Amino acid sequence: MGKTGFSLLLAMGLVTLSTSSEKKCILSGAWQNELGSNMTIFAVNKAGQFSGLYLTAVSAAKKPILVSPINGSQHIDSLEQPTFGFTVKWTFSDSTTVFVGQCFVDDHGEETLQTMWLLREKAKSAENNWNATMVGTNIFTRIKGQKVSESMRNDL
């Protein structure tokens, strides 16, 4: 292979590297899942910790649905497609949900959060403990054009 062929291969490799490194997934922002639930994640700090708000579109609780706080963290060693986890402390029930997932960026630059969750309801007794935890999955997509403001924290 001559100098031209080697230079072409090297240039193609650099283009590929620069394209993939531009696909960083940023957790902060507004997200919606396939059920219509909305989540806002505020800025992620240097340690990877974040907070935010969650408004579910579905609930088995007999009380009106309210905005609930989230607290979580993400791995910050690789921001390209980070893994993360967060907890939702529901303000309208005595349940808690934990989410774990990963942020993915597709070839068109579209971000998705693919998650799995455990929802724990309060059991009335140890004998009723067997059915107090549910498991499921959600895929969140970014809500475009919605700005995240720190004043949203006052929604609670």
Accessible area of segment 53-129 belonging to carbon and sulfur atoms, whole % at 1.4 Å probe: 55 percent
For segment 37-124, calculate the relative contact order in percent as a whole number, restricting contacts to Cα pairs under 8 Å that are 6 or more residues apart. 19 percent
Output the pairs from 89/144; 46/144; 24/46; 23/46 with a Cα-Cα distance over 18 Å in this structure; if there are none, say none. 89/144; 46/144; 23/46
Nearest 0.05, what FRET efficiency do residue 43 and residue 108 give at R0 = 25 Å with Cβ-Cβ as r? 0.50
Work out, step by step, the length gained on full extension between residue 122 and residue 83: first 0.36 nm times the residue separation, then minus their alpha carbon distance; give nm to one decimal. 11.2 nm
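The values are calculated or read from the model by the stated rules, or taken from the named source; none is laboratory data. Since we're looking at a predicted model, the values are computed, not measured. Glycine gets a Cβ as well: all are built from the backbone with ideal geometry, and neighbour counts include every protein chain shown. Remember, those area values only see protein heavy atoms, side chains included, never the ligands or the DNA or RNA. Shrake-Rupley method; radii C 1.70, N 1.55, O 1.52, S 1.80 Å.
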